[in-house]
Amino acid sequence: MASMRDIKRRKASIQSTGQITKAMKLVSTVKLQKSRTRAEETRPYSDTMYATVQSILAHTQGITHPFVTGGGKGKKAVIVLTSNRGLAGGYNSNVVKLITQSGLPMEELVIYAVGKKGKDALARKGYEIAEDYSDFCENPEYADAVTISRRVLQDFKDGKIGEIYLACTRFKNTVVHEPQLKKLLPVEKELSAETSAKENSHDAAEGEEKNIVTIPMNFEAEPEDVLSMLIPGYVTSLLFGALLEAAASENGARMQAMDSATNNAEEMISDLTLLYNRARQGSITQELTEIIAGAEAIS
């Protein structure tokens, strides 16, 4: 059994750690409230933007545009959203696994990293890092999404990359954070006309949905000119929404991790207190035994 001094020293160390994790939990809780509000306010816009673009393409045929047919035969770009700090449970590792287990060949991927944890983990595994935007993790703004999308879209136009993916975490609630790998470009006609109509008019009556399906898509200007203006905004909107979702997911994951760490510290302190009391009781009993034995020997 460890000595009383060792138990007391270890107990003090765990108490100090528990205070730190409790403080980090409180900080993450406050940050989560702010980031969650921003993410929930932006989500309807980014979701509607995605559904709208898919609906436009579902109702349109015969368009030849790089944003639809592909920018070239270059590598596949992946915009990876992680955090700059650890102590967030499996938040960062889940995003990294999303890429390493996606089936996409490593030699064909180029990483545009937002977050030091994801960048460092993928760099150690041998992935090519094209750009580091780790400064955009804290309190992301729309201008940050514009900066990233402009660089990636320019590489797409130049033929350096032929596909653009987004690896991020979608915030469901405080406990559930779903990692996603979404293809941004070339925009594929993933949804049928009927499905896209239902997504864009989910509050409308069934009869109105059927009428929307039959409506052709008319362009005021040429379709290629419209897509040249629409798709960059589409990519930026999805990226900005993903940045906010990632910030909320990070704070939620860190809050849960620090809560678990605090609870574990309290359990360890309780066990050490019991162990200390047993050691102290044993020490007192031994001293009393020695005193009694000494008194008997003298008499």
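No lab work stands behind these numbers, since they all come straight from the coordinates. None of these values were measured; they are calculated from a predicted model. Cβ coordinates were reconstructed from backbone atoms using ideal geometry, including for glycine residues, and neighbour counts include every protein chain displayed.
Descriptive notes on the structure:
- Each Lys and Arg Cβ is given +1 and each Asp and Glu Cβ -1; about its Cα centre, the chain then shows a dipole of about 1300 debye.
- Fewest-first ordering of LYS73, LYS116 by other beta carbons within 10 Å of each residue's beta carbon gives LYS73, LYS116.
- Each of VAL176, VAL235, VAL114, VAL187 was scored by other Cβ atoms within 10 Å of its Cβ. Listed from fewest to most, they are VAL176, VAL187, VAL235, VAL114.
- Order of SER16, SER228 - criterion: other Cβ atoms within 10 Å of each residue's Cβ, fewest first: SER16, SER228
- Most mobile listed residue (GLU138, GLU245, GLU287) in the chain, GNM with C-alpha springs under 10 Å: GLU287
- Translational diffusion coefficient of region 1-77 (Stokes-Einstein, Kirkwood radius from Cα pairs, 37 °C, 0.692 mPa s): 177 µm²/s.
- Largest GNM mean-square fluctuation among ARG278, ARG85, ARG38, using the chain with Cα springs under 10 Å: ARG278.
- Translational D in µm²/s for region 23-164 (Stokes-Einstein at 10 °C, 1.306 mPa s, Kirkwood Rh from C-alpha pairs): 93 µm²/s
- In degrees, nearest ten, helix 223-298 long axis to first principal axis of the chain (Cα): 10 degrees
- Selected from VAL68, MET106, ASN264, residue furthest toward positive end of dipole (the chain; charges at beta carbon): ASN264
- Computed over the chain, the range of Cα coordinates on each principal axis works out to 114, 47, 31 Å, biggest value leading.
- Of LYS34/LYS157; LYS22/LYS182; LYS97/LYS183; LYS75/LYS119; LYS119/LYS182; LYS31/LYS76, pairs whose Cα-Cα distance is over 25 Å: LYS34/LYS157; LYS22/LYS182; LYS31/LYS76
- Once backbone amide H atoms are built at 1.01 Å from N, TYR133 has ALA113, VAL114, GLY115 as its partners under 5 Å, excluding neighbours fewer than 5 places away on the same chain.
- Selected from ALA12, ALA248, ALA221 as most flexible by GNM, with the chain as the system and alpha-carbon contacts under 10 Å: ALA221
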